[in-house]
Amino acid sequence: MLTRSEAEALDAADPLAPLRAEFRLPEDVVYLDGNSLGALPAATPGRLDEVLWTEWGHDLITSWNRHGWIELPLRIGERIASLVGAAPGQVVVADSISVNLFKLLAAAVEARPGRGVVLAVDGEFPTDLYVAEGLCRLLGGRAELRSVRPEALAGSLDQRVAVVTLSHVDFRSGEVRDMAGLTEHAHHAGALVLWDLAHSAGVLEVELDRCAVDLAVGCGYKYLCGGPGAPAFLYVAGRHQELLANPLSGWMGHAEPFRFEPAYRPASGVARFLSGTPPILSLAALEVGVETVARAGPSALAAKARALTSAFVALVDHVPLELGLRLASPREPARRGGQVTLAHEHGYAVVQALIARGVIGDFREPGLIRFGFAPLTTRFVDVWDAATLLEEVLVTRSWDRPEHRRRARVT
Ligand SMILES: *Cc1c(COP(=O)(O)O)cnc(C)c1O
């Protein structure tokens, strides 16, 4: 079993270890929730200060040109493209995942006349289902959401399916889906595919172009460290861009917004999926996060995530079975994202007891304890400390207190 000094040795040999200094993390916390809110890059406060005082405060509206504010959505999109296996010109930063899902699913359904099914899997992240449901309601009888068990997905692909929407990494179990295989399967049935990269961009090797993916969305505030509520991104394969229409046809997606024409003319390329004015303060923070993460490169990030999750699984395997902990993530490292999920009957209280001891993970229904191992900010000693404290919380039953059972609004 891994000892703490062996964990220290792994940190000393870790090629990504120096990049941890690029983040601000509290000394007394083991942060295992970078999969929900990435840590603060050390350069973000200084950059925001500059945008506030110089760009906004002094240069005012001239900054749209002078400081390139207007280019930020596409500029950051290109940096994200390098993390998700996309050639230039296919990624843009905009809105939230929810809004981007709406825009892309609507465009996909419109582009597949005669097909009215949006196919998803049970247990998908709720907003993905809610948005698809809302879109179908809006379209009246034209479209319907069909959600099936993951095993039934391939068998449900028929000539009525317009688009399949799937998370690359399951947010509960951390299981990675077969992007290449499922995309090919959907194409064979004549459907488009939209992949949600919320739990893979910035932690796994994603190959959108090589897998011939049609559409994708992803998150700015998780592994990309863009800050709470950071804007999201979307990907539209070059071959589809001139054929798909943004239903939220706002002026920022117009071919020439500053001609103020009465009629909408879409921009060429992925920029047509912009809608309103981009949030510059949030984009400035996101740019620093993406730059910091992109410096590591996807293969080093993925290798470190696999090593961290494997070390954690090996330590948890030594926790006596009678303490009621069960691995709810795939055992094979290659089938796992950057997280490990454990099931426990009193999962919520266990997470609260760990947070009280400085180990921050999170809880998801039903009874699931999630630990995210963001590769740039998590050390092997953090893995060791977390596993050790987890066992201690279970052995001493310190989770069994009223204050640990009280549910907060955000879990
Ligand atoms: C985090 C997450 C989202 C978040 O959506 P927002 O609209 O950006 O809040 C969506 N889908 C998945 C799979 C997620 O993990």
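Of all DSSP bridge pairs formed entirely within the chain, close to 55 percent run antiparallel. Checking every one of the trypsin sites (Lys or Arg not before Pro) in the stretch 336-411 against DSSP loop status and a limit of 10 other Cβ atoms within 10 Å picks out Arg406, Arg407, Arg409.
Adding -39500 (n - 2.57) for every DSSP H run of four residues or longer, then dividing by how many residues the chain holds, sets the calculated 222 nm ellipticity at -10000 deg cm²/dmol. For the stretch 267-411, taking the reciprocal of the average inverse distance between every pair of different Cα atoms yields a Kirkwood hydrodynamic radius of 17.3 Å. Ranked by the mean number of other Cβ atoms within 10 Å of their residues, highest first, the peptides 190-198, 42-50, 255-263 fall in the order 190-198, 42-50, 255-263.
Karplus-based coupling profile of the stretch 107-116, in residue order and whole Hz: 5, 5, 5, 5, 7, 10, x, x, 10, x, with θ = phi - 60° in 6.51 cos²θ - 1.76 cosθ + 1.60 and x standing for Gly or Pro. Residues whose amide H lies under 5 Å from that of Asp196, counting only those 5 or more places away or on a different chain, are Leu166, Ser167, His168, Val217; hydrogens are built 1.01 Å from N in the peptide plane.
Working note: Debye formula, equal point scatterers on the alpha-carbon atoms of the chain, no solvent; log10 I(q)/I(0) at q = 0.09, 0.12, 0.14 Å⁻¹ is -0.57, -0.98, -1.25.
Rg/Rh, computed from the Cα trace of the stretch 43-138 with Rh as the Kirkwood radius, has the value 1.12. Can you give me the angle between helix 347-356 and the longest principal axis of the chain, using Cα atoms only, in degrees from 0 to 90, rounded to the nearest 10? The angle comes out at about 80 degrees. Comparing Pro150, Pro266, Pro73 in a Gaussian network model of the chain, where Cα atoms under 10 Å apart are tied by springs, the biggest mean-square fluctuation is seen for Pro150. Shown for Ser173, Ser147: other C-beta atoms within 10 Å of each C-beta, ranked fewest to most, produce the order Ser147, Ser173.
Counting beta carbons within 10 Å around each of Phe312, Phe233 and listing the fewest first gives the order Phe312, Phe233.
No value in this document is a laboratory result; all are computed from the given coordinates. No experiment lies behind these values; they were computed from the predicted model shown. Glycine also receives a Cβ, built like all others from the backbone with ideal geometry; neighbour counts cover every protein chain displayed.
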